Every structure is written in C-alpha cells, then in structure tokens.
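First comes the structure, then the notes that go with it.
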Amino acid sequence: MSERIKNFDKTDFKIIKELSKDARMPAAKIAANTGINERTIRRRLNHLVDSGAVRITTIVAPDMFGYHSIADINLKVDPEVYDSFVEDCKNNPNVCYIASGWGKANLAIETRFLNNEEMYDFINATLPQIEGVEVVNFFIIPKIIYNIDEWLPVESDFKD
C-alpha cells in the first residue's frame, strides 16, 4: 500500500477547502474565513500551485454546450500506433479524458458528443477503422453523479 505524502499541513487544507467553494475567492476572503494571515494565504497558495498540488483552472460544463451523449471507451491499442493514436485523441474535440491502463484494455478514453448518433458512429465506425485499435468495451454514461472536480483529499492527508 502506498504511503501518504504529507508535504502539506492543516493550513494548506483550509485554503484548499475554501478554494473548492470558489476558485476565484480572493486571498483576503480566504484569510477572513480561516483566520489565517492574508500574506500567509498568498504564500501558501503560490506554493500549492507551484508544486502542482493545486491547479487553478476553468472547468467547462459540457452539457451547457449541448454535449449530453457520454461514453467511456476501453481500447486495446497496438504499441506501433499507441503514441500517434493518443495524439489523435488529444486533438479530437470529442475526447475529454485519456488514461493508460493495464489488462485487456491499455487505453481508456471518455468522450462527449452532441447526440447519440455521433457517439454511435465514433464507437462503431470510426474507431474500428483505425489500424491497431480495438474497442474492448464501452459504457454509455446517462448521468455523472460525482466528478473529479468535486474530489478533495481528507484532512488526515495533511500533517499537523
């Protein structure tokens, strides 16, 4: 079992919890909400971002743009085409997540489409035509219940 890395403390945890409520929250408001000095908040926030522990980014809601058809697709991709296929996926506006894996499938992608017909064509026509790429299985996702942008580490992940 992996050991938890505790490079961050309870002050960092408080800052992260406040940012999870509103990533645009000013340091002054975080300071007021937590009772921590504003200068400390700024310094710690810079450290969290610079270390890569936190990314301040925009999260787009695909459904607000009409992308309601979602599929998670597990693929077996031959080593000879793996890197180029991954690059193609990165450049495909319908692919929003790519992860390598172990087992029968060695690549997982999450896709979003404007409608089921586009999704069907991608899974059943586009992917099978690509040399060295095999669809192992796929899951149509009618509803996302909990997403990565809602996840937070637990307080015990932070040292006192």
| query | If the cut-off is a Cα-Cα distance under 18 Å, which lysines reach K104, setting aside same-chain residues fewer than 8 apart in sequence? | reply | K76
| task | List M119, M64, M25 from most exposed to least, where exposure is judged by having the fewest other Cβ atoms within 10 Å. | result | M64, M25, M119
| What relative contact order, as a whole-number percentage, does the range 10-58 give when Cα pairs under 8 Å and 6 or more residues apart are counted? | 32
| Unit charges at the beta carbon, dipole of the range 21-160: most positive-side option, M25, P79, F65 | M25
| Two-site FRET efficiency, A108 against K17, from Cβ-Cβ distance with R₀ of 25 Å, rounded to 0.05 | 0.25
| task | Give the residues of the range 25-58 whose amide nitrogen is closer than 15 Å to a point set 7 Å from the Cα of W151 in the direction of its Cβ. | result | 53-55
| said: Based only on other Cβ atoms within 10 Å, what is the fewest-to-most ordering of V54, V49, V154? | reply: V154, V49, V54
| note | Relative contact order of the chain (C-alpha contacts under 8 Å, at least 6 apart) in percent is 29
| request: Counting other Cβ atoms within 10 Å, keep those with at most 12, restrict to DSSP loop, and tell me which chymotrypsin sites (Phe, Trp or Tyr not before Pro) in the range 53-152 are left. | output: W102, Y146, W151
| said: Cut-off is 10 Å between beta-carbons; in what order do T57, T34, T111 appear when sorted fewest neighbours first? | reply: T57, T34, T111
| message | Let me check against my output: what whole-number percent is the relative contact order of the range 64-138, with C-alpha pairs under 8 Å and at least 6 apart? | response | 45
| note | Once the dipole of the chain is set up from charges on Cβ (+1 Lys and Arg, -1 Asp and Glu), the residue from the list V154, V133, I144 lying farthest towards its positive end is V154
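Values in this text are rule-based calculations from the coordinates and carry no lab data. Because the structure is a prediction, the values reported are computed rather than measured. Here Cβ is always computed from backbone atoms with ideal geometry, including for glycine, and neighbour counts include all displayed protein chains.
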